[in-house]
Amino acid sequence: MTKNFDRLLEQSLDELSVQYKTLYHDSDIEGMKPLAHVDCTVLKIHGDYRDTRFRNITDELSSYPESVNELLNRVFDEYGLIVSVWSANGIPLYAM
C-alpha cells in the first residue's frame, strides 16, 4: 500500500520478478483475485498518477469508500502491514 502516486513499488517488484496486482481505485476491488491467491497486492488507496481518479485534496482524503475500508481491515487483521518511509536523500526514516 502506498499513498504516493509514483510507481516505485511496482518497479522494485518487477526487478525482483515478483508477480503482483496493483489496485488504484475502489472499483478495482470488486472482482479482484482473492488475496490468498496472489503473491503480492499493492493497494494505492490514494490512487496512481496514471489514473485520473486519484485522491489528492482534503475533501477526497477525509473518508474512503466502504469497500476500501473493508479490504484494509481484512489486510490488517489477516496479513499485517509493512510500512516504510524514506527521506528525500534516500535514508530510511521509519520501517515497521
| message | Just checking, does region 4-27 include any residue being surrounded by 12 or more Cβ atoms within 10 Å (Cβ to Cβ), in contact with a His (Cβ under 6 Å, 6 or more places away or on another chain) and either assigned to a helix (DSSP H, G or I) or modelled with pLDDT under 85 (or both)? | response | no
| said: What pairs come out if I take residues in region 55-71 that are farther than 13 Å from Lys44 by Cα and pair them with residues that are part of a loop (DSSP other than H, G, I, E, B) and not aromatic (Phe, Trp, Tyr) whose C-beta lies under 6 Å away, six or more apart or interchain? | reply: Ser67/Ile29
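The values are calculated or read from the model by the stated rules, or taken from the named source; none is laboratory data. Because the structure is predicted, anything quoted here is derived from the model rather than measured. Virtual Cβ from ideal backbone geometry, glycine too; neighbours counted across all protein chains shown.
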